[in-house]
Amino acid sequence: MSKHPETTSITAGRPEVAPGAAINPPIVLASTFYAGGSIGYGAYGNQTCTALEDAIAALEGGSTLVFSSGMAAVSALFSILPVGAPVVASNQGSIGVMTLLNSFHESGRLEVRFVDIVNTQLVIDAMKGAALVWLESPTNPCLDVAELETLITAAKKMGIAVAVDNTFATPLVQNPLAMGADIVMHSVTKFLSGHSDVLMGSLSTNDPALLNRLQDSRSFNGSIPGAFESWLALRGLRTFPLRFNKSQENAKELIIKLAAHPRITRVRYPGFGAIISFEVDGTAEQTQKVCESSQLIVHATSLGSIESLWERRRRWPMESLSVPEQLIRLSVGCEHVDDIWDDINLALASI
Ligand SMILES: *Cc1c(COP(=O)(O)O)cnc(C)c1O
């Protein structure tokens, strides 16, 4: 019987029950293994990675492979597509993925059809003849939300594979495999591990043949994570629902206060999760100053961690020009919400 994710996060990936056995998986430091077992060489697998994979699979469904970063997971997926394959993707999204897709498109490695994912009919029209639909929803950092169920159903009818980047929503909010998606991707770096101390990614699928191809891609591109990092990520995953739910509760309180603040012109929030993007009434420099003036909220990139983080996204030269100069992406942490709010007020008072 399947349990609630709050329970699964705590129990999944444990070693077999035996008197005297450790209740947590050991960190298996080995590049090679005695011949004849299920794992032969460290590039193909590792028991600590497997424990983490089992735990993520228990939350997302299907089977999971972990990678040395979210980008390594994305790269593994794109690498199995034929040269020139048509791919439908959002025209706005995570900076690394967008940069990779743009370069693949320019070089002819893939033919990427960039679309506005909130325009459901436009996305469906672009699907004709595509090899893959790549859906990041909500998008980073503009928090656009796709009608996932409708898009997945349409793609399935046309026989087109669908992959969903579920980093922002997490399996607590949506389960794309249950909606019929072929692949779910995570930057495990973010909410699943949650402590700003590990880079990791994952791909989950219900399709055993696809899983094999992705595992080969991981082995031959050398992108399996280390055992210690896998152990750290699993340790973080144990508290993922606790952290996510607390951060989300904080975020829901903060959006109301942010919307009423006279120096804030727009607040974006998809209705769930812990990421808020808001725009400051001021210049790019003033917005930058706000981010640099916080004392509690950490001025840093990344998201989904136990501590609150923020930054002006356009400080990155690679960020899409469609992201406003005055947009701050706030990843709400688990601190007391009043302390976060006081810090936001303090920082806004600096301009
Ligand atoms: C961070 C992120 C990625 C990239 O993952 P890394 O772990 O940084 O390599 C991909 N998609 C989304 C939505 C992200 O937030």
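Miscellaneous remarks
- Pairs spanning more than 31 Å between alpha-carbon atoms, out of Lys128/Lys246; Lys257/Lys289; Lys3/Lys190; Lys157/Lys252; Lys190/Lys257: Lys128/Lys246; Lys157/Lys252.
- Tilt relative to the chain, helix 70-79 - C-alpha long axis, 0 to 90 degrees, to 10: 60 degrees
- Folded to 0 to 90 degrees: helix 47-60 orientation relative to the chain principal axis, Cα: 60 degrees
- Report note on the peptides 124-132, 195-203: ranked by the mean count of other C-beta atoms within 10 Å, highest first, their order is 195-203, 124-132.
- Note on the chain: Rg/Rh from C-alpha atoms, Kirkwood Rh, equals 0.98.
- Computed over the range 1-95, the convex hull of the alpha-carbon atoms projects to a mean area of 10.1 nm².
- Helix 337-348 axis, angle to the chain major axis (alpha carbon atoms, nearest 10°): 50 degrees
- An ellipsoid equivalent to the range 240-348, defined through the eigenvalues of its Cα gyration tensor, has semi-axes of 20, 15, 13 Å when rounded to whole angstrom and sorted largest first.
- The magnitude of the dipole of the chain, with charges of +1 and -1 set on the Cβ of Lys/Arg and Asp/Glu and taken from the Cα centre, is near 340 debye.
- DSSP-assigned coil residues among GluC sites (Glu not before Pro) in the range 1-105, each with at most 12 further Cβ atoms within 10 Å: Glu16
- Gain on full stretching of the segment that runs from Val83 to His261 - 0.36 nm per residue minus C-alpha separation: 59.1 nm
- Sites Met318 and Ala21, calculated FRET efficiency, Cβ-Cβ separation with R0 51 Å, nearest 0.05: 0.60
- In the chain, the calculated helix contribution to ellipticity at 222 nm averages -11500 deg cm²/dmol per residue, counting -39,500 (n - 2.57) for every DSSP H run with n ≥ 4.
Read the figures in this text as sums done on the coordinates, not as results from a lab. None of these values were measured; they are calculated from a predicted model. Note that each Cβ is placed from the backbone with ideal geometry, even for glycine, and that neighbours are counted across all protein chains shown.
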